[in-house]
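Everything below concerns the one structure shown next.
The values are calculated or read from the model by the stated rules, or taken from the named source; none is laboratory data. Because the structure is a prediction, the values reported are computed rather than measured. Neighbour counts are summed over all protein chains in view; Cβ atoms, including those assigned to glycine, are modelled from backbone coordinates with ideal geometry. Just the protein is used for accessible areas: all its heavy atoms, side chains included, with ligands, DNA and RNA removed. Shrake-Rupley method; radii C 1.70, N 1.55, O 1.52, S 1.80 Å.
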Amino acid sequence: MTRGAARIGEEQREDWRTDLDPKIQAVRRLARRYGARLLAADGMFAGLAAVVTPEHWSAGGVHPTPAGHAALAEAWPRLVARSGRAVSNRIAYRAG
């Protein structure tokens with residue numbers, strides 16, 4: 001288990017999903033509407049959590065741990081490669 005990770009009770013997880021699921025659906029609708037690539041991280045993490053504890057991937061159930069960030073970083077190029085559309089390797093950064 002990731003150091004500092006908190007286990008989430010089933011009741012808390014159900015409350016959390018009740019709030020989160022409509023937001024996930026809204027993001028999916030927007031991605032379809034605008035033809036955007038969407039990395040379905042929720043499903044990806046659900047699959048990963050079946051192999052290794054959920055807390056390994058996301059401490060507290062929301063923000064990714066370093067392992068969760070690594071999984072996202074590995075999944076994104078695969079998604080882009082499957083889409084067949086080119087993506088610039090330049091990242092724009094503006095200091096706030």
The range 34-67: chymotrypsin sites (Phe, Trp or Tyr not before Pro) in DSSP loop, at most 16 other beta carbons within 10 Å
none
Taking protein heavy atoms only, a 1.4 Å probe, and rounding to whole percent, the accessible area of the range 34-82 owed to carbon and sulfur comes out at 68 percent
Rounded, prolate or oblate, given the Cα gyration tensor of the range 7-62, with a/c below 1.5 counting as rounded?
oblate
